[in-house]
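For reference, the structure is listed below as structure tokens.
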Amino acid sequence: MSAPEGSTVTFSSPQTEVRPAGVLRFARKLQAQVAHGRAFDCLITGDARMRRLNRKFRGKDSTTDVLSFPAGDIQAGKDNGTPRAGDIAISLPRARAQARRFGHSTDREIRILMLHGLLHLLGLDHASDGGRMARAEKRWRARLGLPAGLIERVRP
């Protein structure tokens with residue numbers, strides 16, 4: 001699914017509220033700066049598909065806002081000569097609702113979710129890494145001009 005240019009973003013339905021070209025530019029920026037050139041593919045889809053993915057791969061019969069699927073051995077995950085980090089899936093309905101809740105655009109929420117998902121692809125896990133992912137997410141959000149991320153939202 002990767003293009004020779006690198007990371008891709010696929011919307012499962014046509015969009016009017018989100019600028020696909022802007023989201024793709026952001027994905028390529030994440031690829032260059034955060035993932036050190038490792039490409040990833042991002043699917044932006046609905047809750048029903050997210051629920052199926054979550055059930056199939058995590059054994060949880062519920063929808064979620066973002067899922068990450070690491071490529072495994074990064075060197076073995078090369079496609080068209082570009083090393084791959086893996087795949088990300090984002091729920092557009094969840095992104096839309098969270099954007100309203102936190103007072104910013106759906107486009108911006110997708111970027112927050114994409115950064116979070118990419119950090120998981122790179123091996124960070126906020127559930128078990130003693131705050132390492134939270135610090136990385138906070139640092140990258142500041143550099144990328146993004147508001148509070150997922151980890152900060154759930155911490156007191």
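The values are calculated or read from the model by the stated rules, or taken from the named source; none is laboratory data. Just so you know, these numbers come straight off a predicted model, no measurement behind them. Cβ placement follows ideal geometry from the backbone for every residue including glycine, while neighbour counts extend to all protein chains displayed.
Residues of the range 100-120 that are more than 13 Å from the chain's Cα centre (by Cα) and either surrounded by 20 or more Cβ atoms within 10 Å (Cβ to Cβ) or of a type outside the set (A, V, I, L, M, F, W, C) (or both): ARG100, ARG101, GLY103, HIS104, SER105, THR106. Which one of these does THR45 not meet: (1) surrounded by fewer than 21 Cβ atoms within 10 Å (Cβ to Cβ); (2) closer than 17 Å to LEU146 by Cβ; (3) in contact with a Phe, Trp or Tyr (Cβ under 9 Å, 6 or more places away or on another chain)? Unmet condition: (2).
If only one of LEU67, LEU113, LEU43 is modelled with pLDDT of 95 or more, more than 24 Å from ARG139 (Cα to Cα) and of a type in the set (A, V, I, L, M), which one is it? It is LEU43. Applying the condition of being farther than 19 Å from LEU119 by Cβ and buried (at least 17 other Cβ atoms within 10 Å of the Cβ) to the range 73-96 and asking which residue is modelled with the highest pLDDT yields LEU92.
The residue that is nearest to ALA21 (Cα to Cα), among those in the range 141-156 that are at pLDDT 90 or above and exposed (fewer than 14 other Cβ atoms within 10 Å of the Cβ), is GLY145. Within the range 130-140, can one find any residue that is modelled with pLDDT under 95, among the small types (Gly, Ala, Ser) and surrounded by 14 or more Cβ atoms within 10 Å (Cβ to Cβ)? The answer is yes, given that some residue of the range 130-140 is modelled with pLDDT under 95, among the small types (Gly, Ala, Ser) and surrounded by 14 or more Cβ atoms within 10 Å (Cβ to Cβ). Name the residue that is surrounded by the fewest Cβ atoms within 10 Å (Cβ to Cβ), counting only residues in the range 2-22 that are under 17 Å from LEU67 (Cα atoms) and not polar (S, T, N, Q). Once the filter is applied, the top-ranked residue is PHE11.
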